[in-house]
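Everything below concerns the one structure shown next.
The values are calculated or read from the model by the stated rules, or taken from the named source; none is laboratory data. Computed from a predicted model, the values in this text were never measured in an experiment. Here Cβ is always computed from backbone atoms with ideal geometry, including for glycine, and neighbour counts include all displayed protein chains. The accessibility values were calculated without ligands, DNA or RNA, using every heavy atom of the protein model including side chains. Shrake-Rupley method; radii C 1.70, N 1.55, O 1.52, S 1.80 Å.
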Amino acid sequence: MRIRKFLRITSCFICLLALPNINLMAQAVDFEKQKVTIALADEPPSLNSIKSTDQISFFILGHTNEGLLNYGKRNKLAAGVAEKWEVNDKGAKFWLRKNAKWSDGKPVTAHDFVFAWRTVVNPTTASEYAFIMYPVKNAEAITNGKKSPDTLGVKAIDDYTLEVTFERPCGYFLGLMAFGTYYPVREDFYKAQGERYAADKENLLFNGPFKLTHWVHGAALKLEKNEHYWNKGAVHLNEVDMPYITSDALARFNLFKDGKIATTGLDGETLKNALQNKYKIRKFSDGAIFYQEFNYREGRVTANIHFRKALQLVFDPNELVDKVVAVPGNIPARSLIPLWVKGVEDKFRKEYPAKEISVDIKKAKEHLAIAKKELGLTEFPPLVLLVGDSPTASKQAEYLQNLYKKNLGLDVKIDKQIFKQRLAKMSVGDFDMVSAGWGPDFNDPMTFADLFASWNENNNGRYNNPEYDKLIRIAQNSADPKIRMDAFSKMQDIIIDDVAILLQYEAGSVYVQSRKLKGVSRRVIGADPSYVNARVVE
Amino acid sequence: MKMTPTSNAQEVRADTFIPSANDFQPAHRESHHDALHRPSLSYWQDAWIRLKANSRAVVSLYLVAFLMVFTLFGPYIWQVNPSSQDLDQISQPPSFNKQAVLVNGSGFWEPDLEELPEHYFQELDVEDLLATSEIIIDQAFTKSVRLRWQAVEGAYAYVIYRNDYKPESSEDLGLPLAEVEGADLTYYQDRLNLESKTYYYSIVATDGVDESEAFRAIPVNVEQAITLDEAKERGLVDDTAIIGDSISLKSHPLGTDYLGRDMLARLISGARTSLFIGTVAPALYILLGVIYGSLAGYLGARVDNWMMRFADFVVALPFLLFMILFRIAFGVESGESGIFPMLIAMIVLGWPGMARLVRGQILQIRNEAYVQAARLLGANSSYLIIRHMIPNVMGVILVSITFAIPSAIFTEAFLSFIGMGVSPPTASWGSMCNEGIKTMLSHPHELFFPALLISITVLAFNLLGDGLRDALDSRLRARD
Amino acid sequence: MLLYSLKRLLYGLVTVWFIATATFIAMHSVPGDPLLNNKAVSETIRKNLEKRYGLDKPLSQQYVIYISSMLKGDFGVSFTQQNRRVNDIIREHFPVSAVLGILAITFATLGGILWGAITALYRNKLPDIIIMFLVILGISVPSFVFAALGQLSIIQMNDLFNRSILPVAGWGDFTHMLMPALVLGLGTMAFLVRLMRSSMLEVINSDYVRTAKAKGLSSLKIFFSHQLRNAVLPVITILGPAIAAITTGGFVVEQIFAIPGLGRYFVQAVQQSDYTVIMGTTVFYGAFLVFMVILVDIVYGFVDPRIRIHAES
């Protein structure tokens, strides 16, 4: 009887093999249909451009909607909804094209921008990215409730002309026009949806190259070509399908291996597998920078400059990047301003090279001795290093723990916290050192530099340097690029000399992509990767 | 009438026969009767004999002994620091007497290059860019690989690729290590996670935007190296050693982990944590569960109801949240090892499952004949529970113990992962498994060894449990 | 019987209320809140956010508001997935987890009972040893290893036959469920094998079985009518909670196989300090568990008449 049961089960299994491919899941790339299938790491939390804060939401929005400007081929700023524009120190003027339309056929007008921007800065909206509007006149005052939203420095002169007044000179303003928070939103539609705006695909309007045609929460999304898009001739793909949502990198890699998705990122483990399978491996610097913040509050050992200098002199970012992080694409960080940031004409770091610090264990020990004397300690107390729960974070933390112990005899305790608890501890300063990172919002050194202004909420360690603050104000208020960049250069030096933070590395990644997929742009700021100009070849 | 014994049989009549002392003679003792009896044994003596006879249980006792020796005496036999990292030997498989070359510390490298004639700096289209004519290996150690190559006319920059396998075409050159800008910057130092094996490096010229189709690849044999300073620090050499000497590195019988730490040392130090948690926590929460469940099952009706509702309540609470709460409640300092709170947490959230099982069994047997009989004979509740019921639910208890042990070990790993439990650099088998999974395919030994030890532990207690159950099961007692 | 069930349901509701309260207190005692984000916000915006979500009110008031809306069946809106109602999250994702869970339990139960019975009947012989070895392996190796290996074997199989026999990940039809359900059920299956073996061994040597054999009943009949039925009780005991646990706890398997189940929200909610989702999923899970337990207790009665009689007296 048991043998019969066994035979029955195995025969069923064999039948399964004989069945034709009943699984009609899309293949990774389809030339005839010009369709691409990819996987998402997470579900976009909110497709409301006014409130979005995360990468995945901006990724989708960057394909379904468009701002005044856009990024074209080779990641250069190009015309979006605006056809023509003029910028000076005081403000900017944009002439919109007449054939830019929403997905319901109605035209995109200057009023849509005015409404969207006013809603962003409105304190009742409580948009977490409101700060990105601060270059516009009165934006900061409005968000703090001191002025009303209609005093915002943006005006629709007529349906197709938009005039912006600056709060202070802003050299990087044009780049902001391609940023998600500055996208237009149509007032009548927004008000009609009420609470449900952006809740589902029916509750959104699209003015970009694609429209969202399918959204099963937590499971799948699908983009299809938007026939109302003014530049639809430049869009080759008909469909971008995202039927898999999983945060497991290995699962995504397996999907790629099985020919189900067209691209995926690689980590140390899957990298070897990719080499073995002879996939073409590509590299990309995603623009973020990772560092360790020190706590400058009362009573903390890390507030002492000599102590920090000791740590700086034993730390070799090359070793961290090459051996511990060990994924290509990551570069040791020599400055707070990463390599890709624009300076006056060329890259900032080319025009203002950062000074290099070499490892010097003897000097480090000397600094440590001075610190001990200055603080009046016989022994250093154990230090708390706050880290998140990601796998690389704890590996790096263990490396640092050992490094400081071996070279300086310091006792470091690793405080692993899950996401929101780590944020809570960071904001109240419950740490000695914390591993942190920062992603850029626009292409100007200011997006990194102002992190350590004493008034910035993101300055978790409460670093307070009046000299540094003064330089920030200079860079903020000047219209002359040379003066600004000189100020940033001085700030760059202060960060290194004063060891305001311990610079670790500039993030990058490696990924694989189907050979039949061409024209995918990778960007540091904005929707990344971008399939707007992509196409499938045979 | 009086009868006298006579040798010849006289007729004896039953109704008139009255026996007297003379009618009887002492009989002989016959020893062969003893063969049908065995010496009377108590319950426990009987159990012990049967346990010893069970070969699998004996094996398990040896395994448990092995684990105890491993844990208690391991650090003295294998005296290696479990926390010392060796970033040159990351994730290495087991090795004995590995050789390494003594080298200088390798920092910045900028070789002297000869001036390039003007025509090299012209800008050519990518189709016109050729492959470099020669690549020279300056140095090939695990510390760094230094390459120099011949400049390519018209190149704006070069991209250096590295592959673990031989590249067939310009499409599978491997990992793009870096791009060096400048027609004259024809050198590169690679330090990315080098292992002592053969890599294939390729150099491709670019025009600043696209890469040329032409490339040159060379195989590079990377040798294991160690700096003189490090070697002295670890006591591998004395002062007579010079650069270029070949020395033996310390053996790693079970390989190294993701930060170059010796696996065997980590497993030994992790044994304490894992075995402690893996035996004490289950033992306690099973005990608690058994007591709770048998009370609930025995007392029945309303009491049972309330007790089980409370058990349901405990099970439904979100585990992660309450773990964090315990951590705070017990005042575990940031970064400290919180073994005691973790133990409490596991017990508090583990007992309901056991209680439920035991209660079910008790409900089933409380109406058995022998229970009723014992009650009629005047046994009180605790006697009934301890002496009759619990031995009969031993089967279920022992099965649960088998599963509780690995469950506790992995729960501890999870808790350490979220910051509650042991904190680095203290190791535990469960957290080593967690880390090992990340490199499961490329370096399986990091997962294999901790998992093996966990398996041995489970096997040992499993067999022991089986043997105990067979030995203690009173029903099997008669079978001998 | 009906009164008994109704009373049990009432007690169940009370239990769920306790669960909700305990979770509420725990949630607010732990540092971290849903309004924190990677990029910090200004005071004014923070205050406005708090006002919008009602987090500026005192805790006791928040509790009352929460419980009253819960009684109406409204769990609120998620903090992480803005404008997504928690009710919708549960409604859309629980069925996925449920289907997966039920399939996993089916595999586990069938496999557990079958293999467990085999090991008991062939005690200490080869089948027993092999199966027990596999069981030990199964419980000493963490479940995500099996999930990863399962996915890998699918790829190998697809490669070998040059055709997509089973999907590597995703959710859609029956083929998507096979491997994940198998992997998910493995742990429980191993436990059930052991449990079944243990109770079968006790039953095999019992008097009534011997009587039945003496009466001349066939082995098959004995197996099904007597041995199995009596041995299966502990299996049923853990089945209830096991269903509940697998259904909401299949987090790892759901991630690896890209299955849009509820497990992910359950786990992520704590990491994100997403109050509404934590409360919603916990209360829902609690209610589901309580219901399962009641069901199991009723089933007890059918399987083992002795228990039913006694429960009612």
Legend entry - Selection from B:Met308, A:Ala39, A:Tyr468 lying farthest towards where the dipole of the protein assembly as shown points positive, charges on Cβ: B:Met308
Inset, instruction - Could you please report the charge total around A:Leu176, scoring K, R as +1 and D, E as -1 over all other residues with beta-carbon less than 11 angstrom from its beta-carbon? - result: -2
Legend entry - Student exercise, the range B:102-227 dipole from Lys, Arg, Asp, Glu Cβ charges, in Debye to nearest 20: 1000 debye
Legend entry - Protein accessible area in the protein assembly as shown, 1.4 Å probe - carbon and sulfur %: 58 percent
Inset, instruction - Express in whole angstrom the spacing between the alpha-carbon centres of the range B:212-228 and the range B:235-259. - result: 22 Å
Legend entry - Per residue value of the accessible surface for the range B:102-227 (all protein chains in place, 1.4 Å probe), Å²: 47 Å²
Legend entry - Summed residue charge, Cβ within 10 Å of B:Glu195's Cβ, Lys/Arg positive, Asp/Glu negative: -1
Inset, instruction - Could you work out how far the C-alpha centroid of the range C:1-69 sits from that of the range B:350-390, in angstrom? - result: 41 Å
Legend entry - For chain A: relative contact order, % (alpha-carbon pairs under 8 angstrom, 6 or more apart): 19 percent
Inset, instruction - Using a cut-off of 12 Å between beta-carbons, work out the net charge of the residues near C:Ile131 (Lys and Arg +1, Asp and Glu -1, C:Ile131 not included). - result: +3
Inset, instruction - Pairs of Cα atoms under 8 Å, at least six residues apart: use those to get the relative contact order of the range B:102-227, whole percent. - result: 32 percent
Legend entry - For chain A, calculated [θ]222 nm from helices alone, where every DSSP H run of n ≥ 4 adds -39500 (n - 2.57): -9000 deg cm²/dmol
Inset, instruction - For the protein assembly as shown, give the magnitude of the charge dipole about the Cα centre (Cβ charges: +1 Lys/Arg, -1 Asp/Glu; no others), in debye to the nearest 20. - result: 5560 debye
Inset, instruction - Take chain C, connect every pair of alpha-carbon atoms lying under 10 Å apart with a spring to form a Gaussian network, then pick out the residue of C:Asn158, C:Asn38, C:Asn87 with the largest mean-square fluctuation. - result: C:Asn38
Legend entry - Tail fraction, Cα-Cα pairs, chain B, threshold 45 Å, whole percent: 45 percent
Inset, instruction - Quote the relative contact order of chain C in percent (integer), defining contacts as alpha-carbon pairs under 8 Å separated by 6+ residues. - result: 28 percent
Inset, instruction - Determine, from the Cβ-Cβ distance of C:Leu13 and A:Phe189 and an R0 of 35 Å, the FRET efficiency 1/(1 + (r/R0)^6), rounded to the nearest 0.05. - result: 0.20
Legend entry - Protein heavy-atom accessible area occluded, B/C pair - total, 1.4 Å probe, Å²: 4900 Å²
Legend entry - Mean ellipticity per residue at 222 nm, deg cm²/dmol - from DSSP H runs of n ≥ 4 across chain B, formula -39500 (n - 2.57): -14500 deg cm²/dmol
Inset, instruction - Take the alpha carbon atoms of the range A:360-391, find their center, do the same for the range C:121-139, and report the distance between the two centers in whole angstrom. - result: 55 Å
Inset, instruction - Report the accessible surface area buried between chains B and A, summing both sides, using a 1.4 Å probe on protein heavy atoms only, in Å² rounded to the nearest 100. - result: 3900 Å²
Legend entry - Accessible surface, per residue, of chain A when the full set of protein chains is kept, probe 1.4 Å, Å²: 39 Å²
Legend entry - trypsin sites (Lys or Arg not before Pro) lying in DSSP loop within the range C:130-230, provided at most 15 other Cβ fall within 10 Å: C:Arg163
Inset, instruction - Please list the radius of gyration and Dmax for the range A:35-127, considering alpha-carbon atoms only, with Å as the unit. - result: 15.2, 45
Inset, instruction - Among B:Val126, B:Ile362, B:Ala178, flag the residue with its Cα farthest along the positive direction of the charge dipole of chain B, charges on Cβ as +1 for Lys/Arg and -1 for Asp/Glu. - result: B:Ile362
Inset, instruction - State the number of lysine pairs found in chain B whose Cα atoms come within less than 29 Å, restricting to pairs 8 or more positions apart or on distinct chains. - result: 18
Inset, instruction - Calculate one ³J(HN,Hα) per residue across the range B:241-250 by plugging θ = phi - 60° into the Karplus curve 6.51 cos²θ - 1.76 cosθ + 1.60, and present them in order as whole Hz with x for glycine and proline. - result: 6, 10, 4, x, 5, 9, 10, 9, 8, 5
Legend entry - Summed buried accessible area for A+C [probe radius 1.4 Å, Å², rounded to 100]: 5100 Å²
Inset, instruction - Kindly express, to the nearest 10 degrees and within the range 0 to 90, the angle between helix B:301-316's C-alpha long axis and the longest C-alpha principal axis of chain B. - result: 10 degrees
Inset, instruction - Please turn the phi angles of the range C:70-79 into ³J(HN,Hα) values with the Karplus equation 6.51 cos²θ - 1.76 cosθ + 1.60 (θ = phi - 60°), one per residue in order, whole Hz, x for glycine and proline. - result: 5, 4, 7, x, 10, 8, x, 10, 5, 7
Inset, instruction - May I ask what percent, to the nearest 5, of DSSP beta bridges between residues of chain B are antiparallel? - result: 90 percent
Legend entry - Spin-label model distance (nm) - A:Asp54 vs C:Glu43, 7 Å beyond Cα toward Cβ: 3.0 nm
Inset, instruction - Compute the FRET efficiency between C:Leu6 and B:Arg302 as 1/(1 + (r/R0)^6), taking r as their Cβ-Cβ distance and R0 = 25 Å, and round to the nearest 0.05. - result: 0.95
Inset, instruction - Would you list which lysines come within 21 Å of C:Lys221, measuring only between C-alpha atoms, while excluding same-chain residues fewer than 8 positions from it? - result: A:Lys5, C:Lys213
Legend entry - Using a Förster distance of 56 Å, the FRET efficiency for A:Asp480-A:Gln34 (Cβ separation, nearest 0.05): 0.75
Legend entry - Orientation-averaged projected area, Cα convex hull of chain A (nm²): 30.9 nm²
Inset, instruction - Select from C:Leu184, A:Trp215, A:Val108 the residue farthest towards the positive end of the dipole of the protein assembly as shown; place +1 on Cβ of Lys and Arg, -1 on Cβ of Asp and Glu, and compute about the Cα centre. - result: C:Leu184
Legend entry - Volume of the Cα convex hull of chain C, divided per residue and given in Å³: 184 Å³
Inset, instruction - Would you mind checking the radius of gyration and Dmax of the range B:66-124 based on alpha-carbon positions, in Å? - result: 24.4, 74
Legend entry - Vicinal HN-Hα couplings computed from phi for the range A:306-313 (Karplus, 6.51 cos²θ - 1.76 cosθ + 1.60; Hz; Gly/Pro x): 5, 4, 5, 4, 4, 5, 4, 7
Inset, instruction - Give the residues of the range C:269-285 whose amide nitrogen is closer than 14 Å to a point set 7 Å from the Cα of C:His28 in the direction of its Cβ. - result: C:275-276, C:279
Inset, instruction - Report the accessible area of A:Lys350, computed with a 1.4 Å probe over the heavy atoms of all protein chains in place, in Å² rounded to the nearest 10. - result: 120 Å²
Inset, instruction - In debye, nearest 20, what is the charge dipole magnitude of the range C:118-252 about its Cα centre with +1 on Lys and Arg Cβ and -1 on Asp and Glu Cβ, if you could check? - result: 620 debye
Legend entry - Hits among aspartates and glutamates - C-alpha to C-alpha of A:Lys106 under 13 Å, sequence gap 8 or more where chains match: A:Asp159, A:Glu187, A:Asp188, A:Glu227
Inset, instruction - Ignore the peptide's own chain and count Cβ atoms of other chains within 10 Å of each Cβ in A:273-282; give me the average, rounded. - result: 5
Inset, instruction - Give the span of the range B:102-227's Cα atoms along each principal axis, as three whole-Å numbers ordered largest to smallest. - result: 44, 32, 20
